[in-house]
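The values are calculated or read from the model by the stated rules, or taken from the named source; none is laboratory data. Note that the structure is a prediction, hence the values are computed from the model and not measured. Cβ coordinates were reconstructed from backbone atoms using ideal geometry, including for glycine residues, and neighbour counts include every protein chain displayed.
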Ligand code: NOJ
């Protein structure tokens, strides 16, 4: 953060190739298309024949084996070990669902439901604990080879997230996502993944939910890696997310795409917004969307590229008022804009909840240090009729999913979208009727978005196949379609009713009433 602006761009410039390749929107195939399509018409309430259903997990949340076979620590190992008081019950992911030893049980569960793909993440520090090839761990490579091969044997397509919050601590010590060095390290990591697994993995997701981990990890500093630099850190983090993503996309184009013929996307998270009162206009809703989803999606998927103009202008203005000599939002040159724009074959999207918004009328100079929330300038609330899941933030608003999908269609010319997560938290009961209701209502909105609004969505991923470590909430909130008994050493997976619900959805292509 002490780098001068020239030093910063020199560093970034060294790592970026000088030419520009545009995205191809190479939509992945996640399901074998049957010879006779199962109802593509509006009159038939069925998912299209090309539509795929899968389930997701993330390495730190399920694997355990935190220091086995030469694995290094990630920022989440560090957080849970050095600050157990931050996590409910002082829990950690040292063993979690023990998928490092029990991944075959996860695959059996996926098979039983009938999912056609599995979205899992690779633990960077399991294969490159010091971030680059000097520390290559073949045992880590072997673990993921076994997982990938077993999935393929079960006819399940692997969808791999490269980074799901668990940055190697070694890379964090060099600045993590606040440093331009991150781009180079991430490129080496991705190159290693393409080289070892790209013959069999055809769908890649570079980053998971950068809004969340940049804001909580580098802004408020309340989650891993606990960097408290609000108003500056989250923007630097986001900038390096975009640069590293685009760098990896172009690497794939240059070195692997021809031979491996896969796709590279990114997973964003974000809520939909509704006006809190009659004085709140559509511009306020749009402002909230731009500062959340647009922050990442505009540079990648818009015609013009670059950050949303509203953010560029307002953050520069706020920075000036704070007597800064440059904007807290890093500048994007035209060359960098072109480098990032179009560098995604698909848009991965995690939908969980929505909020009401109204303009924050307080004078900007009045109070509080800068932050992305303050820059956004809106106040959030919830509708009293919205039911809440176990998680304090998870208000159930199914129509918001259709809202966001239509916003993507309007803003970014209907890009191919894969819903990479959607799910409901509870205490872990096997008869999880509320989870079934949640999925039924969200799938109904999704189907409307596809059949009526013609949104370009090609797959849906449940979070999660098994109960797992829910970050600062530890094991107190459960999202799985399969129950895991975390107090038993064999971590047995037991199907919940919701897993049967999905079995019917997948078999019939419809939503059971
Ligand atoms: C999104 C995150 O990607 C995942 O790690 C988390 O467990 C779920 N949301 C539920 O909070």
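Quick notes on this one:
- Scan of the range 51-94 for residues that are crowded, with 24+ Cβ neighbours inside 10 Å, within 14 Å of the ligand (Cβ to nearest atom) and not in a helix (DSSP H, G or I), ordered by number: 55, 56, 57, 58, 63, 74, 93
- Being modelled with pLDDT of 95 or more, part of a strand (DSSP E or B), within 16 Å of the ligand (Cβ to nearest atom) and surrounded by 23 or more Cβ atoms within 10 Å (Cβ to Cβ) is a condition met by no residue of the range 245-264.
- Being surrounded by fewer than 17 Cβ atoms within 10 Å (Cβ to Cβ) and within 24 Å of residue 94 (Cβ to Cβ) is a property that residue 138 has.
- Strands (runs of 3 or more DSSP E) fully within the range 297-394 counting 1 or more residues that are closer than 30 Å to residue 427 by Cα and within 16 Å of the ligand (Cβ to nearest atom): 346-350, 354-359
- Count - residues of the range 487-506 that are more than 30 Å from residue 45 (Cα to Cα) and either touching a strand residue (DSSP E or B) at 6+ places or on another chain (Cβ under 8 Å) or crowded, with 19+ Cβ neighbours inside 10 Å (or both): 4
So that you can scan it fast, the table gives a plain yes or no per residue for (1) touching a residue at least 12 places away in the same chain (Cβ under 8 Å); (2) more than 16 Å from the ligand (Cβ to nearest atom); (3) within 21 Å of the chain's Cα centre (by Cα):
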site	(1), (2), (3)
455	yes, yes, yes
458	yes, yes, yes
463	yes, no, yes
489	no, yes, no
498	yes, no, no
505	yes, yes, no
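- Number of residues in the range 428-440 that are without any contact (Cβ under 8 Å) to a residue 60 or more places away in the chain and within 22 Å of the chain's Cα centre (by Cα) equals 1.
- Where residue 228 falls short, out of the listed (1) under 26 Å from residue 172 (Cβ atoms); (2) touching a residue at least 40 places away in the same chain (Cβ under 8 Å); (3) surrounded by fewer than 22 Cβ atoms within 10 Å (Cβ to Cβ): (2)
- Verdict on residue 144 being at pLDDT 95 or above, assigned to a helix (DSSP H, G or I) and crowded, with 21+ Cβ neighbours inside 10 Å: yes
Rundown of residues vs (1) assigned to a helix (DSSP H, G or I); (2) under 20 Å from the mean Cα position of the chain (by Cα), yes/no style:
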residue	(1), (2)
106	yes, no
150	yes, no
165	no, yes
172	yes, yes
185	yes, yes
